[in-house]
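Worksheet: one structure, shown below.
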Amino acid sequence: MSPFLTAWFSRINWTRPAAVDIETLKGLHLHHNCAIPFENLDVLLPREIQLDDRSLEDKLLHGRRGGYCFEQNGLLERGLREVGFNVRSVLGRVVLANPPQMPPRTHRLVRVELDGERWIADVGFGGQTLTAPLRLVADLEQETPHGVYRLLNEGNDWTLQYQHQDRWQSMYVFDLARQYFSDHVMGNFWSAHWPQSHFRHHLLACLHLPDGGKLTLTNFNFTHWQDGHAGEKQHLPDVESLYQLLQERFGLGVDDPRNGFTLADLASVMSAFDTHPEAGK
């Protein structure tokens, strides 16, 4: 086993043999969801987000940080490929907020081909991300540990939707065209630097739990969701409490020389929100 796979399996608490089959694919997906949180702190510090293999390994595995889609699904793609899966990244256009025109390709997900079937995997869409791979089949309701999803297909375009109470909400639109590393760099740069990007105006974090629950954070507001309901809600009183919660509830590492962050770093980020109350609206 490669040093990378050893580190990835350790980080996601994977102790079983890894075969190239659907049960392993589902297991690795869920374990990743439940161990490596979605978070955007580096955008806010600000630090440039690097997408090369070494940088992702250092930050998400050894530094015990999280990341957003370009990082999360970049790591997942590498891990699945080293196990032996046939994978490649594709890019989607986020339509969750019902934009008036089609936005650019700023979401990375992973296409998997297994035993003649096509699947998508995605550990990088925050609170609504998949926690199991989906068959690339149109109009089929597919249940995951954390919700029900379906895919719509029109020509070359696929739309991922999730079931929200009694309606379907579109998340993103994608196609299967080949994407190159430079395409990921472009989408990542836009996500991190476009002035209206919501990643620039809110501290966001999410960690899914094996029992079907999830933890979410927006700035100082923390919620523990269970069965679709907010079982625990906290408005954190200060930056010290936030710093502690990021470590204790989301498991973020703070001590790594390159990828860690101090209480003062976090205080600087949060004070910017206080001085710009209209940011992100």
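Coordinate-derived values only; no laboratory data. This one's a predicted model, so the numbers in the text were calculated from it and none came from an experiment. Every residue, glycine as well, gets a Cβ built from its backbone with ideal geometry; the counts of neighbours run over all protein chains shown.
Between the helical axis of 263-275 and the longest alpha-carbon principal axis of the chain there is an angle of about 90 degrees. Can you tell me how the range 48-150 classifies by the Cα gyration tensor, rounded, prolate or oblate, using a/c under 1.5 as the rounded cut? Here the range 48-150 falls in the oblate category. With neighbours defined as other Cβ atoms within 10 Å of a residue's Cβ, the residues Ser89, Ser55, Ser182, Ser271 order from fewest to most as Ser182, Ser271, Ser55, Ser89. Just want the answer: with Cβ charges of +1 for Lys and Arg and -1 for Asp and Glu, which residue in His201, Gly260, Trp190 is farthest toward the dipole's positive end in the range 178-281? Positive-most Cα among the choices belongs to Trp190. Taking a ≥ b ≥ c as the square roots of the eigenvalues of the Cα gyration tensor, the range 3-275 is classed as rounded, since a/c falls below 1.5. For the range 1-81, the list of trypsin sites (Lys or Arg not before Pro) that fall in a loop by DSSP and count at most 10 other C-beta atoms within 10 angstrom is empty. Antiparallel beta bridges, as assigned by DSSP with both residues in the chain, represent about 95 percent of the total such bridges. Give me the angle, in degrees from 0 to 90, between the Cα long axis of helix 239-248 and the longest principal axis of the Cα atoms of the chain, rounded to the nearest 10. Orientation of helix 239-248: about 30 degrees from the principal axis.
Anisotropy class assigned to the range 1-90 is prolate, per the alpha carbon gyration tensor with a/c at or over the 1.5 cut-off and a/b larger than b/c. Summing Cβ point charges (Lys, Arg +1; Asp, Glu -1) relative to the Cα centre of the chain gives a dipole of roughly 280 debye. Extending 7 Å from Cα along the Cβ direction at Phe181 and again at Glu154 yields two label points whose distance is 3.6 nm. Relative contact order, whole percent, for the range 181-281 stands at 19, derived from Cα pairs under 8 Å and 6 or more residues apart.
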